[in-house]
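Input: a single structure, listed below in structure tokens.
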Amino acid sequence: ELECEALWTENMLLKEKKNRTALKERTLQNNDKKVNIITGLQTYSLLMTLYYAFDDSFVREVLGKKLSKGTKKDLDDVSTKTGITLKSCRRQFDNFKRVFKVVEELKGPLVENIRQHFLLPDQLARDYAAIVFFANNRFETGKKKLHYLTFQDFAFCAGQLINNWTVGAVDNIMEDMDVDLDKEFLQELKDLKILITDKDLLDQHKSLVCTALRGKTNVFNEMEANFKNLSRGLVNIAAKLINAKDVRDFFIDLVEKFIEPCRSDKWTSIDVNLYLTHYTNSAHILDTFKHHAVWTRYMGVIKSCILRMYHD
């Protein structure tokens, strides 16, 4: 169905091309604004939306991979696996690559750049922003433990990271602000290790969280027993994000260090939300803990991503 719409879109543009010399070759690909005069802004936006639409099952297979010739050569396998025609796979891949190439040269907010340059609706622009962000940071999404996650799960998490962990999240005059993670912030995350290396702080943190949770959940005993392991897992993820390889493993680490242990103890999503809320808030009450802003910035994203990823 998507491919039919794309073909229809191309046919519409070809008809315009025959009738109007102002419409140049490869109008959609080159995003020639002259077509706005011919068909009107609304129609042009509709044509662009149809042409740049994609299948979630296709993007799920290439998400986080380099948008290179090597990946394009593997599209035969992707086509077979997803049941999407090879022609459609190539069109969608080329669209991803085209958007990536255009926005990496632009300053300013990633979503807004995509929306304005390609005249895409807000949700589609956000989805493309997620694709660009994942391709740029090369997040691992293909491991077996991550197969249960949908593209929309990853797109939601990409939005959280873009809005909170990039340079643009704190400084909107920076270039490439929404594509690269804020290196200064990643460096500051190492300071959070005091929460697990200082035994007194770790014990105090556990005591505060368990006091807040007692009587509010059926898995309190499991929460209490696993507190130190779960805290070490989350804090170690933070401390390692300064390394590119650990950035790539961000989602697999969340699954292995937090989501899987909670699943095995039969935590519900409500339990996870309750635990992470008190775990985050209690750190601010600790006597000798000083890194409040970094902790809030880190745990806000971690909590949102884990809650989105915590499903079958």
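Search the stretch 75-109 for residues being assigned to a helix (DSSP H, G or I) and among the polar types (S, T, N, Q), and hand back the single one that is surrounded by the most Cβ atoms within 10 Å (Cβ to Cβ). Ranking the qualifying residues of the stretch 75-109, first place goes to GLN92.
Please verify whether the stretch 91-106 includes one or more residues that are over 18 Å from the mean Cα position of the chain (by Cα) and at pLDDT below 90. Yes: the stretch 91-106 contains one or more residues that are over 18 Å from the mean Cα position of the chain (by Cα) and at pLDDT below 90. For ASN164, state whether it is out of contact with any strand residue (DSSP E or B) (no Cβ under 6 Å at 6 or more places or on another chain), outside the structural domain of LYS290 (by the TED database) and open to solvent by 40 Å² or more (accessible area, probe 1.4 Å). Criteria met by ASN164. Contact map, the stretch 41-60: residues that are under 18 Å from ALA155 (Cα atoms) paired with residues that are open to solvent by 20 Å² or more (accessible area, probe 1.4 Å) and of a type in the set (S, T, N, Q), Cβ distance under 6 Å, separation 6+ or inter-chain. Pairs shown: SER57/THR82; PHE58/THR82. Being open to solvent by less than 40 Å² (accessible area, probe 1.4 Å), at pLDDT 95 or above, of a type outside the set (Lys, Arg) and farther than 19 Å from ASP203 by Cβ holds for only one residue in VAL235, VAL219, and it is VAL219. For the stretch 110-122, enumerate the residues that are over 19 Å from the mean Cα position of the chain (by Cα), farther than 14 Å from PHE54 by Cβ and assigned to a helix (DSSP H, G or I). Matches in the stretch 110-122: GLN116, HIS117. Taking the criterion of being in contact with a helix residue (DSSP H, G or I) (Cβ under 8 Å, 6 or more places away or on another chain), open to solvent by 20 Å² or more (accessible area, probe 1.4 Å) and in a loop (DSSP other than H, G, I, E, B), the residues of the stretch 54-69 that qualify are PHE54, ASP55, LYS65, LYS66, LEU67. Can you name the residue in the stretch 199-215 that is of a type outside the set (Asp, Glu) and open to solvent by 50 Å² or more (accessible area, probe 1.4 Å) and, of all such residues, is farthest from HIS292 (Cα to Cα)? Here the residue is GLY215. GLU260 fulfils the conditions (1) surrounded by fewer than 16 Cβ atoms within 10 Å (Cβ to Cβ); (2) more than 19 Å from the chain's Cα centre (by Cα); (3) more than 18 Å from LEU307 (Cβ to Cβ) except for a single criterion, (3).
The values are calculated or read from the model by the stated rules, or taken from the named source; none is laboratory data. Quick caveat: nothing in here was measured; it's all calculated off a predicted structure. FYI the Cβ positions are ideal-geometry reconstructions off the backbone, even for glycines, and counts take in every protein chain you see. Accessible surface areas use protein heavy atoms only, side chains included; no ligands, DNA or RNA. Shrake-Rupley method; radii C 1.70, N 1.55, O 1.52, S 1.80 Å.
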